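Read through the structure below, which is laid out as structure tokens, and then see the notes.
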Amino acid sequence: MLDGKNIAITRSKDDAAEFISLTEQNNATPIPLPTIELVSKGEKIVDEFLESISKYSPDYSVFMSSKAVKLLFDTAKQIGKLEQLQLAVANTMVMSVGPKTTIALEDEGIKVNFQPTTYSSVGVGEEFTRIHAVGKKVIVPRSGASTPFLKELLNKIGIDVLEIHLYNVCAFRDTTQWNEFRQLFSQNKVDGIVFTSASSVRGFFEIMLKDHNEQVLLDNLGKISVVSIGPFTSDELKKFKVKNTVAEVHTVAGAFDAIKSTMFDPSGI
């Protein structure tokens with residue numbers, strides 16, 4: 001059913017390996033779109049995190065993305081503080097939002113104690129409820145562009161939360177990599193797009209609106225299968241008036257299944 005289809009995902013080629021493999025297995029053509037890039041707050045993020053661990057004495061540390069893990073640990077390596085960081089994190093109970101983040105932590109020598117069955121902020125809240133963590137303290141190193149949803153959710157459960165912002169997010173600046181997509185999109189030859197985060201939605205529109213009329217852009221998006229990897233991404237698409245299908249499982253594989261479903265049954269969009 002996907003033979004010859006062109007399907008885009010709002011990730012760089014390096015970050016889209018799983019999606020590319022799934023797409024090619026189904027005889028479709030993957031189009032990775034680097035939509036956002038991370039702007040680190042610099043070397044100070046390691047000292048800020050270590051100082052916060054020391055002063056705040058959290059019971060748990062929660063990692064919400066593999067990117068946050070990589071940025072924090074890579075920066076620690078650059079400034080010679082890897083062992084200090086490993087020890088600080090190991091002195092907490094570690095929760096990872098999902099498998100990719102778990103692997104990233106384990107690659108840095110960190111044992112992951114908890115991983116929710118639903119890979120999202122809601123899943124993290126459910127996991128903390130399951131383990132009866134009321135009254136505990138949690139530190140969360142993450143993006144400065146994150147919504148307050150997780151913090152507010154955990155506060156409602158009775159958990160104290162300290163968020164450390166490691167980086168900000170901006171639209172991807174080298175848009176020459178978008179040339180093929182722009183051409184196919186203008187010719188109505190893009191059959192589906194998977195949006196992987198709320199930030200990627202904002203980045204997509206910032207990039208595309210530079211050379212597309214907004215109404216034309218929305219009209220073209222209305223002709224194709226649009227899938228969001230989770231509810232926050234879906235909400236962001238709705239702000240731009242884009243109809244979309246939310247993946248039942250909030251992973252790349254889940255989003256790919258949703259794309260296949262909408263192409264078999266376009267009325268499901």
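The values are calculated or read from the model by the stated rules, or taken from the named source; none is laboratory data. For clarity, every value in this text was computed on a predicted model and none was experimentally measured. Methodologically, a virtual Cβ is constructed for each residue, glycine included, from the backbone with ideal geometry; neighbour enumeration extends over all protein chains shown. The area values use the complete protein model at the heavy-atom level, side chains included, leaving out ligands, DNA and RNA. Shrake-Rupley method; radii C 1.70, N 1.55, O 1.52, S 1.80 Å.
Just to be sure before I move on: is SER66 buried (at least 16 other Cβ atoms within 10 Å of the Cβ), among the polar types (S, T, N, Q) and closer than 18 Å to ALA145 by Cα in the structure I sent? Step through it out loud before you land on a result.
Working: buried (at least 16 other Cβ atoms within 10 Å of the Cβ): yes; among the polar types (S, T, N, Q): yes; closer than 18 Å to ALA145 by Cα: yes.
Yes.
If you take the residues of the stretch 82-107 that are in a loop (DSSP other than H, G, I, E, B) and at pLDDT 95 or above, which of them is surrounded by the fewest Cβ atoms within 10 Å (Cβ to Cβ)?
Taking the stretch 82-107 and keeping what is in a loop (DSSP other than H, G, I, E, B), we get 91-92, 97-98.
Retained after the next criterion (residues that are at pLDDT 95 or above): 91-92, 97.
On the way: ASN91: 13, THR92: 19, VAL97: 26.
The extreme case among them is ASN91.
Which of (1) open to solvent by 20 Å² or more (accessible area, probe 1.4 Å); (2) hydroxyl-bearing (Ser, Thr, Tyr); (3) modelled with pLDDT of 95 or more is the odd one out, the single condition SER186 does not satisfy?
Just one mismatch for SER186, condition (3).
Okay, residues lined up against (1) closer than 27 Å to HIS250 by Cβ; (2) open to solvent by 50 Å² or more (accessible area, probe 1.4 Å); (3) without any contact (Cβ under 8 Å) to a residue 12 or more places away in the chain:
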{"residue": "PRO32", "(1), (2), (3)": "yes, no, no"}
{"residue": "VAL39", "(1), (2), (3)": "yes, yes, no"}
{"residue": "LYS44", "(1), (2), (3)": "no, yes, yes"}
{"residue": "GLU51", "(1), (2), (3)": "no, yes, yes"}
{"residue": "LYS55", "(1), (2), (3)": "no, yes, yes"}
{"residue": "LYS70", "(1), (2), (3)": "yes, yes, no"}
{"residue": "LYS77", "(1), (2), (3)": "no, yes, yes"}
{"residue": "GLY80", "(1), (2), (3)": "no, yes, yes"}
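Return the total of residues in the stretch 16-41 being under 13 Å from THR196 (Cβ atoms), at pLDDT below 95 and polar (S, T, N, Q).
Adding up the residues that qualify gives 0.
Name every residue in the stretch 108-129 that is part of a helix (DSSP H, G or I), in contact with a helix residue (DSSP H, G or I) (Cβ under 7 Å, 6 or more places away or on another chain) and over 19 Å from ALA255 (Cβ atoms), in order of residue number. Even if it seems obvious, please write down each step before you answer.
So in the stretch 108-129, the residues part of a helix (DSSP H, G or I) come out as 121-129.
From the residues that got through so far, the ones that are in contact with a helix residue (DSSP H, G or I) (Cβ under 7 Å, 6 or more places away or on another chain) too are 121, 124-125, 128-129.
Selection gives VAL124, GLY125, PHE128, THR129.
If I go through the stretch 108-122 residue by residue, how many of them are modelled with pLDDT of 95 or more and surrounded by fewer than 19 Cβ atoms within 10 Å (Cβ to Cβ)? Quick ask: steps written out before the conclusion?
Taking the stretch 108-122 as the starting set, the residues that turn out to be modelled with pLDDT of 95 or more are 108-116.
Subsequent filtering for residues that are surrounded by fewer than 19 Cβ atoms within 10 Å (Cβ to Cβ) retains 108-109, 111-115.
The total comes to 7.
Any residue at all in the stretch 163-175 that is open to solvent by less than 40 Å² (accessible area, probe 1.4 Å) and part of a helix (DSSP H, G or I)?
Yes, there is a match, as at least one residue in the stretch 163-175 is open to solvent by less than 40 Å² (accessible area, probe 1.4 Å) and part of a helix (DSSP H, G or I).
Just give me the residues in the stretch 181-218 being closer than 27 Å to THR147 by Cβ and among the basic types (Lys, Arg), in sequence order.
If the condition is that a residue be closer than 27 Å to THR147 by Cβ and among the basic types (Lys, Arg), then ARG202, LYS210 are the ones that fit.
Looking at this structure, is LEU217 open to solvent by less than 20 Å² (accessible area, probe 1.4 Å), among the aliphatic types (A, V, I, L, M) and either assigned to a helix (DSSP H, G or I) or modelled with pLDDT of 95 or more (or both)?
yes
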